1. How much length is gained if the chain between R510 and E37 is pulled fully straight, taking 0.36 nm per residue apart and subtracting their Cα-Cα distance, in nm to one decimal?
2. Charges only on Cβ, +1 for Lys and Arg, -1 for Asp and Glu: so what's the dipole of segment 87-174 about the Cα centre, in debye to the nearest 20?
3. Could you give the size of the charge dipole of segment 1-44 about its Cα centre, using +1 on the Cβ of each K and R and -1 on the Cβ of each D and E, expressed in debye and rounded to the nearest 20?
4. Say each of E151 and Q120 gets a label point 7 Å from the Cα, pointing the same way as Cα to Cβ; how far apart are those two points in nm?
5. Roughly how many percent of the accessible protein surface of segment 1-149 is carbon and sulfur, given a 1.4 Å probe and a whole-percent answer?
6. Considering the dipole of segment 113-180 built from charges on the beta carbon (Lys and Arg +1, Asp and Glu -1) around the Cα centre, which of T143, S124, A176 is farthest to its positive end?
7. With only Lys, Arg, Asp and Glu charged, each at its Cβ (+1 for the first two, -1 for the last two), find how big the charge dipole of segment 74-125 is about the Cα centre; round to the nearest 20 debye.
8. Work out from phi, with θ = phi - 60° and the Karplus expression 6.51 cos²θ - 1.76 cosθ + 1.60, the ³J(HN,Hα) of each residue of segment 20-25, listed in order in whole Hz, and give x for Gly and Pro.
Amino acid sequence: MDPLTHLPTSLVPSWKRSRQYGVDPRKVHNDLLPKGELKDRKEQMKEWLNASSDILNQVYGMLRKSPYMVIVSDRDGYVIATWGDPPFTDRAKRVWLDEGANWHERIKGTNAIGTALVEQQPISVIGEQHYCEENRFLTCYATPLYTPTGELLGVLDISGDARMHHPHTMGMVLTAAHACQARMLLQSARRELVLSFREADTLAEGYGRPLIAVDANGLISRINQEGARWLNTPQAECIGQPLTRWFDPQDAQALLSLKDSAELPVKAPSGTSWIARPVLDERKRTHRVLLSPPSASERKNAAPPPVPLEDAVHISLEKGIASCPKFQKALKLAVHVSRTDATILLRGETGTGKDLVAREIHKRSGRTGPLVVVNCGAIPEPLLEAELFGYEKGAFTGARNGGHRGKFEAAHKGTLFLDEIGEMPLASQAVLLRILEEKQVTRIGSNRPIPVDVRIITATNKDLAREVRENRFRADLYYRICEVEIHLPPLRERSDLFLLAEYFLDEVSRELNIAPVLLRGEVREMLSRYHWPGNIRELRQVLRQAVFHAHFVRGSSILSAEDLVFPQAQAGEPDASPRPVSLEEQEAETIAQAIRISEGNLSKAARMLGIGRTTLYRKLNRYPNLKNIRLQHQRHG
């Protein structure tokens, strides 16, 4: 007779899984940990065990001298702690119900610990309900344990002699688990409060200065506006980014190893030395690292950081420089829909200000969470879903030990800006559509959905309607993300070209501390005739390069035709169709011109290009001809 007919319906799936795993009910192949690994797994749950010890001891006290024992396993099914008395514990050890043994379903078949882990719900398995014959003398009651952030931690189990089975035992397990959960939550909240006070005290010491807070993973958790200006990046885009994006990787790694009250000087992107100070938890581990620049007297002689392009355009909006009616119409629509929850698609060529408008929408939305930006075209296809949706520990080779929170979770209560949405692979589009419909995300390697409250803004320079017709973009996703479509006009169709140009000229004049730069009539004619395929970004780059050439080479504050270089057009023909030029050629030519202007001084050339010296050296190795240009100018100098 099939034994499944005598099982409770709740345990039938577990028995079927046990068969699929190939577990032999008559001969168990045990999985036992070496002492060293058992010690490591105990250490991983040490915080929970310390917080719950008095509760578990009370439970053990009620079961003392009885044929029952209390067991805690980790999330992989390994028993890491037990409480009990002989002679029952002696009999339990004969079936390896002891520390270091794995009781996952894959090893032991149906049992309370393993089945509770798989199904993530309370389970009782009594006597003959165990899949393996040697375990049928047991009666077991188990429930999953969770961290304060809702991640599966392990299992709490009470096991005893099947002849002593009592249904009230499950109530004892559930009550104890809830008490442990509450204790852990209280301890975690107390710990976070203490650490927040420590962090606040350290922040207060640096009041009025640029400040950056970095978490234990090396990600920026807080930054003030002045700090963002020093990083030359909009404030919202800094949050959640790795410090290595701006600081040397070796420095970033070193500051995460700070202990006690040690301070560490690190090189900032501007070349100055910043000071890193740790905020430590009660176990002397790094909770946060706070970075601040040198004292005010040292900063006084330092050149101010350049204003980022996006900030510059934003300032120009406030000053009314972006006065083009077409652009103002688009911006007005964006402002009006910002307070709604509608998904917004921003369409426009590269460099037209889509990121600016997205930030303006988020700023006016009233949402309390952050703006999280994802460039769908810059992330390799195999990593895109992990980046967006997150993953659990061990989900794939190379996954972080503690798993990873995806961008949807990071943007909870805020806005997720998916730039270059047209580059998203079709497989990822299907997952994104499901999340938008269900408003919950499931990490890779997990079955637990996580609710998310996220406002979606997307952007593309493609015609998504055509992409849908040509089966390169899902129609259902297109209609879901395009509740409101806002088209941003290209620069060649705008009427405020010279107002923007004058703003950028004033910007670079202040940066170089020179008299305002003027435009000759012929230069104005060239600017108006050029088609500006790179739009506002290209306008800024062309004008900055022209000012550098006029000031450093000709010693003039008036731009002339010889100062202008249009990267995407033939020299002297700014109104002509551009010849095919690769990105590598454009980059090499820009670097070459900076080296010529700086007369071979690489530090000066790097500052002009807005990159670090190390990055410039890598570029020189990539383009060997640039080394010859540098040597020529050094000889002439």
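1. Roughly 164.2 nm would be gained on extension.
2. Charge dipole, segment 87-174, about its Cα centre: 140 debye, nearest 20.
3. In debye, rounded to 20, segment 1-44 gives about 40.
4. Here the modelled spin labels are 1.3 nm apart.
5. Exposed carbon and sulfur together represent 49 percent of the surface.
6. With unit charges placed on the Cβ atoms, the residue in question is A176.
7. 160 debye
8. For segment 20-25, the Karplus-derived couplings read 5, 5, x, 5, 8, x Hz, x marking Gly and Pro.
The values are calculated or read from the model by the stated rules, or taken from the named source; none is laboratory data. Because the structure is a prediction, the values reported are computed rather than measured. For neighbour counting, all protein chains shown are included, and Cβ atoms are generated from backbone atoms with ideal geometry for every residue, glycine included. Accessible surface areas use protein heavy atoms only, side chains included; no ligands, DNA or RNA. Shrake-Rupley method; radii C 1.70, N 1.55, O 1.52, S 1.80 Å.
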